[in-house]
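Remarks on the structure that follows.
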Amino acid sequence: MKSFRLSRIRPIVAGTLASVLSALLLFFYAGPLLETQRELFFDSLTQWVPAPQSSQITVIDVDRKSVQQTPAKAWGRAETADLLNRLSKAGAKAVAVDFIFSTACDPAEQSNVALTQAIAGTPVVLGFLIADGGVEHPRPVPPVAVRRPVAIPDLWFIDGAEASCAFLQQASRSAAAAFLVGDEDARIRRVQAFSIIGNDAYPALGIEAARQAEGGRTPVLGGQPAWLKLETRLIELDEDGSMRFAASPAAAIDARTVSASDVLAGSVPDERFKDKTVFIGSSLPNLGGLRSTASMPLEPSVQIHADIANAVLTGFIPTRDAQLPLYEAALALIGGLLVAFVATRLRPVTSALLGLLAISVTIAAAAAIYAASALLVDAVSIGLALVFVLVVTSVLQFARVRRAESTARSKFSQYLPQSVVARYIDNPDDDRVAGEERPVTALFTDIEGFSTLSQKLAPRDLVTLLDIYYAEVNGLVAQYGGMVDKVVGDAVHAFFNAPEDLKDHVNKAIDCAEAIRALTEEMRRRPRFVEHQFGRTRIGIETGIAVLGEVGAGGKLDYTAHGDAINLAARLQEANKFLGTAICVGPEAAVQSGRPLRSLGMHEIRGFGEMELFTTEA
């Protein structure tokens, strides 16, 4: 008994230990070990739940059509100047330019003069790129206030920059970092909030454009880890000083983007730019950078900068809170314990389905949390923890179930109903099925002239006919909700409402009898059955209280029903011989059926006395 209890508790103990272990692994090691998988999940999450879109952002794309419509078939500074002049007349609030004009720096050249004047007449933010060993400090340096203590990340420090011509910088409103650094898989998911050259700090182009859009007030930098405050918005940065953003889906990009050629042609209304933050860049590989994001494999860098500004302006910035790993580990522990408990109570397939459901719920919850708060919950690590617990517990539980099945099969060594076998498999701790008293409708069949038939036929031929007969008759019993208790010689003993409840079981048994009669009469017309003069099937039906359970001792048990109704059904099957009928229904079954049955009159039944019998036949 002690050994049995230990074997029963092992799966839950193993599941508990697996839950604790997975929670510890998740808290201490999930970050570095599952970083790629986690980031890919976050990418999917940001696409499943699209970020809100600011109405203050417009992107002008110097696309192929724009280049083809220029006189030289090449976009240059003169065209950029025309574009800026149109934006100035339309009343753009700020313009972020994702082009670097670092060569051909002759201030007297006509296109440079035009571009300088256009930049001076518009609040323009010029981007710059990182350059190893560069000595130039882009100008003008945007203002920033520092609230101490503050932790300045090492990644913010760069050696130098490649910026636009000095006279163009002097005409601009501010300079900002336009370079983008991808993760290990080269995908852009975050931006370095600031770049520091010497003592000068420059925000990312998207952040600076958002600052200009909100009035150009001085931002505040502080905190350990660092945070950035713009107006009333507090932006929590990652430990390395980067800011996450959600890549906009293609539909949102299309909605905010216009072609530069359409702007120059005057076909875009001024309202599209009035009081807006406008980004100018290109989707052409030779003019703009194409980078991989969660939204698309090759997204123009100008759209990425616009996404960064959109995150700042809407305040919807995907964030990994410092306390999240602890909460995720706790959730994995609680979820693992629940999964382990369920896995030890249900069949392996059912527990696996419920485990998958728990993982799906975790993912759905992560999506709901992200939609409500922009928090990125690591459903991947939690899901893997639940899978680990489920596998450990289910494997042990499966071994336990297999052991229970072996025990059940050894007990029921003879043919028994599947529902009875299932009782042992589903409840391996149960012992012998005790006697159960319940209403049962019994249906007994017999083949007329079977003794003569068995003497005429070779055993192989007889078995072949009986195999066909039993397969189809037993199939009908199952179809009508009955249980074949046993097959004895040429007889089928079937019960309805046993061992499971069956609504309207009396009529189900009568309907089954009629179906058996029709089937067996059709069967008798088959060539092989005609050849051997296969007899008709006689059926007796009665209902009443019976006791169901196992009987027997030693190595052989039998699950059956006992009661007057069972015995009477067997007698009624025999009564068909002198009644000339195929179906004989007892008095109690006739009353409970409630259907019109033909009376066969009063007859003496051995062992039961005189009673009125009925049949379904006309």
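Within segment 528-551, is even one residue at pLDDT below 95, surrounded by fewer than 12 Cβ atoms within 10 Å (Cβ to Cβ), assigned to a helix (DSSP H, G or I) and assigned by TED's automatic domain parsing to the domain that holds Gly482? Yes, segment 528-551 contains a residue that is at pLDDT below 95, surrounded by fewer than 12 Cβ atoms within 10 Å (Cβ to Cβ), assigned to a helix (DSSP H, G or I) and assigned by TED's automatic domain parsing to the domain that holds Gly482.
Starting from residues that are hydrophobic (A, V, I, L, M, F, W, C) and at pLDDT below 95, keep the ones in segment 46-61 and report whichever is surrounded by the most Cβ atoms within 10 Å (Cβ to Cβ).
Taking segment 46-61 and keeping what is hydrophobic (A, V, I, L, M, F, W, C), we get 48-49, 51, 57, 59-60.
Restricting the remaining residues to those that are at pLDDT below 95 gives 48-49, 51.
Values: Trp48: 13, Val49: 18, Ala51: 23.
Among those residues, the one meeting the criterion is Ala51.
Take Gln303 and tell me if it is over 24 Å from the mean Cα position of the chain (by Cα), among the polar types (S, T, N, Q) and loosely packed, with under 15 Cβ neighbours inside 10 Å. Against the criterion (over 24 Å from the mean Cα position of the chain (by Cα), among the polar types (S, T, N, Q) and loosely packed, with under 15 Cβ neighbours inside 10 Å), Gln303 does not qualify.
For Ala367, work out the one condition from (1) assigned by TED's automatic domain parsing to the domain that holds Val547; (2) on the phi < 0 side of the Ramachandran plot; (3) at pLDDT 85 or above it doesn't fulfil. That leaves (1) as the condition not met. Out of curiosity, is Ile317 farther than 19 Å from Ser22 by Cα and buried (at least 18 other Cβ atoms within 10 Å of the Cβ)? In short, yes. Among the numbered conditions (1) of a type outside the set (Lys, Arg); (2) closer than 13 Å to Ala589 by Cβ; (3) surrounded by fewer than 24 Cβ atoms within 10 Å (Cβ to Cβ); (4) in contact (Cβ under 8 Å) with a residue 60 or more places away in the chain, the only one that Asp564 does not meet is (4). Taking first residues from segment 471-490 that are closer than 15 Å to Glu514 by Cβ and in the same structural domain as Asn507 (by TED's automatic domain parsing) and partners that are in a strand (DSSP E or B) and among the small types (Gly, Ala, Ser), the Cβ contacts under 6 Å between residues at least 6 apart in sequence or on separate chains come to Val477/Ala494; Gly482/Ala494.
Which residue, of Val124, Val67, Val150, is over 13 Å from Val278 (Cβ atoms), more than 44 Å from the chain's Cα centre (by Cα) and among the β-branched types (Val, Ile, Thr)? Full working, then the answer.
Values: Val124 fails: over 13 Å from Val278 (Cβ atoms); Val150 fails: more than 44 Å from the chain's Cα centre (by Cα).
Result of the check over Val124, Val67, Val150: Val67.
State yes or no: is Leu168 in contact with a Ser or Thr (Cβ under 7 Å, 6 or more places away or on another chain), touching a residue at least 12 places away in the same chain (Cβ under 8 Å), of a type in the set (A, V, I, L, M, F, W, C) and not in a loop (DSSP other than H, G, I, E, B)? It is true that Leu168 is in contact with a Ser or Thr (Cβ under 7 Å, 6 or more places away or on another chain), touching a residue at least 12 places away in the same chain (Cβ under 8 Å), of a type in the set (A, V, I, L, M, F, W, C) and not in a loop (DSSP other than H, G, I, E, B). Taking segment 159-176 as the range and being in contact with a Leu (Cβ under 7 Å, 6 or more places away or on another chain) and closer than 17 Å to Gly216 by Cα as the test, the residues that pass are Ser172, Ala175, Ala176.
Applying a threshold of 7 Å to beta carbon distances and a minimum spacing of six or more residues, or different chains, the list of pairs starting in segment 274-289 at a residue that is over 20 Å from Ala177 (Cα atoms) and ending at one that is buried (at least 16 other Cβ atoms within 10 Å of the Cβ) and polar (S, T, N, Q) reads Lys276/Gln56; Lys276/Thr58. For Glu79, which of the numbered conditions (1) surrounded by 20 or more Cβ atoms within 10 Å (Cβ to Cβ); (2) free of Cβ contacts under 8 Å to residues at least 40 places away in the same chain fails to hold? Status for Glu79: all satisfied but (2). Any residue in segment 227-235 that is part of a helix (DSSP H, G or I), out of contact with any helix residue (DSSP H, G or I) (no Cβ under 9 Å at 6 or more places or on another chain) and either buried (at least 21 other Cβ atoms within 10 Å of the Cβ) or not aromatic (Phe, Trp, Tyr) (or both)? No; the residues of segment 227-235 include none that is part of a helix (DSSP H, G or I), out of contact with any helix residue (DSSP H, G or I) (no Cβ under 9 Å at 6 or more places or on another chain) and either buried (at least 21 other Cβ atoms within 10 Å of the Cβ) or not aromatic (Phe, Trp, Tyr) (or both). Where helices (runs of 4 or more DSSP H) sit wholly within segment 23-99, those with at least 2 residues that are within 30 Å of Ala364 (Cβ to Cβ) occupy 35-48. Pairs linking a residue in segment 215-240 that is more than 12 Å from Phe194 (Cβ to Cβ) to a residue that is β-branched (Val, Ile, Thr) and outside any strand (DSSP E or B), with Cβ atoms under 8 Å and 6 or more positions apart or on different chains, are Thr218/Val144; Val220/Val144; Leu230/Ile207; Leu230/Val312; Arg233/Val312; Glu236/Ile317.
So, in segment 290-300, of the ones that are touching a residue at least 60 places away in the same chain (Cβ under 8 Å) and either part of a loop (DSSP other than H, G, I, E, B) or aromatic (Phe, Trp, Tyr) (or both), which residue ends up surrounded by the most Cβ atoms within 10 Å (Cβ to Cβ)? Applying the filter and picking the extreme gives Thr293. Suppose the filter is of a type in the set (Lys, Arg) and surrounded by fewer than 15 Cβ atoms within 10 Å (Cβ to Cβ); does Lys65 pass it? Yes; evaluated as a whole, the condition is true for this residue. If I filter segment 483-506 down to residues being more than 39 Å from the chain's Cα centre (by Cα) and part of a loop (DSSP other than H, G, I, E, B), which single residue comes out as surrounded by the fewest Cβ atoms within 10 Å (Cβ to Cβ)? For segment 483-506, the residue satisfying everything is Gly489.
The values are calculated or read from the model by the stated rules, or taken from the named source; none is laboratory data. Remember, predicted model here, so these are calculated numbers, not experimental data. Cβ atoms come from the backbone with ideal geometry, glycine included; neighbour counts cover every protein chain shown.
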